[in-house]
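Only one structure is covered here, and it is reproduced in the block below.
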Amino acid sequence: MPAPDPTMPPNNRDAKPFAWDGVRLAIPQEWETGQLGQGYALLEHQMRPVLELKTATIRGRFSFRRHLKQLTRSGPKHPSPQLQLMPKPSAWPVFPATAEVQPFIWQGAHIGGQGLMVYCHHCRRATLIQFFDHEGRSQAAIPHVLASFQDHDDHPSPTFAVYDIQATLPPRFALTRFQFEAGRFELAFHHAREAVTLWRWSPADVILDRCGGNLARMTQDNDLLPPSTDIEEGRPLDRGLMWQWQKKNIRSRLRHLFGRRDHHPVHALRIWHRPDANRILAVRAEGLTSLNVLDRICASYGTV
C-alpha cells in the first residue's frame, strides 16, 4: 500500500515474498515463517521472532482504540504488550491518503520493539504489525518491509507466499484449511461449489525413491484422487500426470437428462516433479468453471 521503495523492490535478490490472508510483504531472505493462523503470522530469524502480523476485515465503524485493543489481544495466547503511541519515524515510508496509520512502541514481558496499525479505507482491512527488537538487529529492515506492504490487490500478485511456495488463485477463493508438516504442506481453498487444494512434498528424491519413482503410486498412497470408478487413466504431462473425472450426482444427471452440456464443472488432479527445487507439487480442482482456471493456478504454483 505505501509507495514502492526503490531500495527494496519485491524481486530484489535480498528479499523474498511473504503473502498470507490478504497481506503481502517483501521480507529479508533469512526470515522464515514461524507460525501461521487465520489472520495471524509470526516470522522468525535464527529461531527468534522478528515480525508479528494480525489482520482482519472491519465491518461497521472503525475505531483505532477499539480495534487496536482487539487485534493486540488476538492470535496466540500470551500477555498483551504495553503500547505507547509515537510519531511516524522519518525513515518509514509515506502511506497513501486512503490509509490511517498509527505507529507505536511496544514492550512485552521479555522483549519489545516498534510497530504500527494500518487501516485502509479502500479495502476496510486493519493490520497490526509488530517488529521485535533484538539489540536493534531487525530494526534496520523495518523501512524496507513497510515499503512493500500491500493489503489489497492493485496488481497481480501471489494469493499466498509462505515457506518456499507461492501461487495465485482467483480472488473469489478463500482459504479454509491449511496444514504444514515436515516435508508436506496442504492448503485448501473454496468458493461456493468450487474447491482447490494444493500440496507440496519435500525432499522429492527421497519420496520418489520410496514409491519407485512412480507418481501414480504416490498419488494413490496419499489418497489424492476421490474413490470413483469414473476417473480416466492418468495422462502424462511435463514431469507429471493429470487425471480428470465427472461427479455423478443429481445435478449432473439432471444436466444430462435435459441436454445441458454447455457447462461441465472441471474435476481434475495434476501432480508434477520439480527436480530443480527437489519438490513435488499437486493441485486438485473440484467444480471449477473452466479448465483455463486450473491452467492458470498450476502455472502460478511454484517454489520461491
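None of the figures in this text is laboratory data; all of them are computed from the coordinates on show. Given the structure is predicted, the values throughout are model-derived calculations rather than measurements. Heads up, the Cβs are rebuilt from the backbone with ideal geometry, glycines too, and the neighbour counts pull from every protein chain shown.
Of note:
- As a size descriptor, the averaged projected area of the C-alpha convex hull of segment 166-225 was calculated at 4.8 nm².
- Calculated SAXS-style log₁₀ I(q)/I(0) at q = 0.11, 0.18, 0.19, 0.22 Å⁻¹ - segment 131-252, Debye, Cα scatterers: -0.60, -1.20, -1.28, -1.43
- For the chain, built as a Gaussian network whose Cα springs stay under 10 Å, the top-fluctuating residue of His67, His190, His122: His122
- For segment 13-137, a/c is less than 1.5, where a ≥ b ≥ c are the root eigenvalues of the C-alpha gyration tensor. That puts it in the rounded class.
- Per-q log10 I(q)/I(0), the chain, q = 0.08, 0.13 Å⁻¹ (Debye; single scatterer per alpha-carbon; no solvent): -0.43, -0.97
- Local net charge near Tyr301, Cβ-Cβ under 15 Å (Lys/Arg +1, Asp/Glu -1): +2
- Spatially proximal aspartates and glutamates relative to Lys247 (Cα-Cα < 19 Å; intrachain offsets below 8 disregarded): Glu194, Asp223, Asp230, Glu232, Glu233, Asp262, Glu286
- Across segment 170-176, coupling constants 3J(HN,Hα) worked out from phi with the 6.51/-1.76/1.60 Karplus curve, θ = phi - 60°, read x, x, 6, 7, 10, 5, 10 Hz, and Gly and Pro carry x.
- Reachable aspartates and glutamates, given that their alpha-carbon falls under 20 Å from the alpha-carbon of Lys16 and they are not under 8 places away in the same chain: Asp5, Glu30, Glu32, Glu44, Glu52, Asp151, Asp153, Asp154, Asp164, Asp276
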